[in-house]
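Down below is the structure, laid out as structure tokens.
The values are calculated or read from the model by the stated rules, or taken from the named source; none is laboratory data. As the structure is a prediction and not an experimental result, all values here were calculated from the model. Cβ placement follows ideal geometry from the backbone for every residue including glycine, while neighbour counts extend to all protein chains displayed. The protein model used for the area step is the full one, side chains on, heavy atoms only, and it has no ligands, DNA or RNA in it. Shrake-Rupley method; radii C 1.70, N 1.55, O 1.52, S 1.80 Å.
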Amino acid sequence: GPDHVLMAASAPRTAELLRSDGWRVTAVDISEFEALEGCVTCLSVLIPRA
């Protein structure tokens with residue numbers, strides 16, 4: 001949704017800042033992808049609403 005953020009679990013302080021600003025945060029462990037210089041954006045597919 002428009003108030004929901006998906007982010008790497010490796011950034012807990014950023015997640016807490018976003019939560020304090022009212023965002024709904026889902027932190028995901030992507031450490032194996034980060035080891036290969038991947039990130040949440042690289043792994044995301046945005047699906048537009050109908």
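Quick notes on this structure:
Here is a yes/no grid of residues against (1) surrounded by 13 or more Cβ atoms within 10 Å (Cβ to Cβ); (2) in contact with a Phe, Trp or Tyr (Cβ under 7 Å, 6 or more places away or on another chain); (3) polar (S, T, N, Q):
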| position | (1), (2), (3) |
| --- | --- |
| 3 | no, yes, no |
| 8 | yes, no, no |
| 11 | yes, no, no |
| 14 | yes, no, yes |
| 24 | no, no, no |
| 33 | yes, no, no |
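- The set of residues from region 35-50 being within 13 Å of the chain's Cα centre (by Cα), loosely packed, with under 14 Cβ neighbours inside 10 Å and of a type in the set (A, V, I, L, M) comprises 43, 45, 46.
- Taking residues in region 36-49 that are among the small types (Gly, Ala, Ser), and partners anywhere that are modelled with pLDDT of 70 or more and open to solvent by 100 Å² or more (accessible area, probe 1.4 Å), the pairs with Cβ atoms closer than 9 Å and at least 6 places apart or on different chains are 38/32.
- Scanning region 10-27 for residues that are among the hydrophobic types (A, V, I, L, M, F, W, C) and either part of a loop (DSSP other than H, G, I, E, B) or within 12 Å of the chain's Cα centre (by Cα) (or both) gives 11, 15, 18, 23, 25, 27.
- Conditions (1) at pLDDT 85 or above; (2) of a type outside the set (Asp, Glu); (3) in contact with a Lys or Arg (Cβ under 9 Å, 6 or more places away or on another chain); number of the one not met by residue 17: (3)
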